[in-house]
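Worksheet: the structure to be examined is printed underneath.
Just so it is clear, none of the values below were taken in a lab; they were calculated from the coordinates. What you are looking at is a predicted structure, and each value in this text was computed from that prediction instead of being measured. Because the Cβ atoms are built from the backbone with ideal geometry, glycine has one as well, and the counts that use them run over all protein chains shown.
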Amino acid sequence: MKILSRGILISLEGIDGSGKSTLARNLHIHLANQGLDTILTREPGGSALGKKLRTILQEKEVNVCDKAEYLLFAADRAQHFDELVIPALNERKLVISDRMADSSVVYQGYGRGLSIELIQTINTWAMHNIKPDITIYVQVPVEIALQRITKRKEMLSSFERERLDFTQRLIGGFEKLFHQRRDVIIVNGQLPADEVCEQAFDAVIKNIQALNVIS
């Protein structure tokens, strides 16, 4: 087992159908195989409370206004950090989260039109001023993402049922948010899953080595 001198937080971002969740699972396996004490989690749904909030947000059996939608994500995030992320980081583990704060900036900020500044302020508070050490953005055209969602033949989440223009706003939001950000690894989500993982894994290892936290 390789020992980290401190915990490492990795977030994965991208539109629905980008292959982000598949990459999160594959990356978790690859990093664990390298002897790193690794935890895979997700937002929403990384805590007991989060699982209930995930059902509300994805099924939306009752009307949820845009502000309430974001605040439910913020509640999930606060609980997630308190219950899982912070304890794992304190134990010097590597935490991989399928979505994190940037998703709210893009989905509720760029997508819904809520105040990005306010979202970022609440995110910072909910996350105890902790930011991901590395963010991986799985970049994919909207047409490819929609094809993948259709092929799943599963019940669509509330976000997967959104209009095409909403998804296009999300892509524009991610591109604007991550433009020239040095902590972001951009991978080509159109490649086969194993190639996407290899691309992300190599970049993550280089970034971790640069942080000089492995002993």
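Data table
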{"read-out": "FRET efficiency, 1/(1 + (r/R0)^6) with R0 25 Å, evaluated for Thr121 and Phe166 via beta carbons", "value": "0.55"}
{"read-out": "Cβ-derived FRET efficiency at R0 35 Å, Lys60 paired with Lys206, nearest 0.05", "value": "0.30"}
{"read-out": "Order of Val187, Val105 - criterion: other Cβ atoms within 10 Å of each residue's Cβ, fewest first", "value": "Val105, Val187"}
{"read-out": "GNM top mover of Thr22, Thr38, Thr150 - the chain, alpha-carbon springs below 10 Å", "value": "Thr150"}
{"read-out": "Which of Ser215, Ser103 has the fewest Cβ neighbours within 10 Å, and the rest in rising order", "value": "Ser215, Ser103"}
{"read-out": "Gain in span if fully extended, Gln147 to Ile214, counting 0.36 nm per residue against the direct Cα distance", "value": "20.1 nm"}
{"read-out": "Candidate lysines - alpha carbon under 23 Å from Lys60, same-chain residues fewer than 8 apart omitted", "value": "Lys20, Lys51, Lys52, Lys151, Lys153"}
{"read-out": "Ellipticity estimate at 222 nm from DSSP helix runs (n ≥ 4, -39,500 (n - 2.57)) divided over the chain, nearest 500", "value": "-15000 deg cm²/dmol"}
{"read-out": "Cα lying deepest toward the dipole's positive end in the chain, options Ala145, Val95, Ile208, charges on Cβ", "value": "Val95"}
{"read-out": "Burial ranking of peptide ranges 59-65, 124-130, 199-205, 15-21 (average Cβ count within 10 Å, highest at the top)", "value": "15-21, 199-205, 124-130, 59-65"}
{"read-out": "Added length on full extension, which subtracts the Cα-Cα distance from 0.36 nm per residue, Ala75 to Glu91", "value": "3.4 nm"}
{"read-out": "Check: the chain dipole with +1 on Lys, Arg Cβ and -1 on Asp, Glu Cβ, in debye", "value": "120 debye"}
{"read-out": "Ellipsoid semi-axes in whole angstrom, largest first, where each is sqrt(5λ) of the Cα gyration tensor of the chain", "value": "26, 21, 16"}
{"read-out": "Inter-label distance, nm, simple model (7 Å from Cα along the C-beta direction), Thr22/His128", "value": "3.5 nm"}
{"read-out": "Contour minus Cα-Cα distance for Lys2 and Gln34 (0.36 nm per residue)", "value": "10.7 nm"}
{"read-out": "Three-way shape call for region 1-120 based on the alpha-carbon gyration tensor, with the a/c threshold at 1.5", "value": "prolate"}
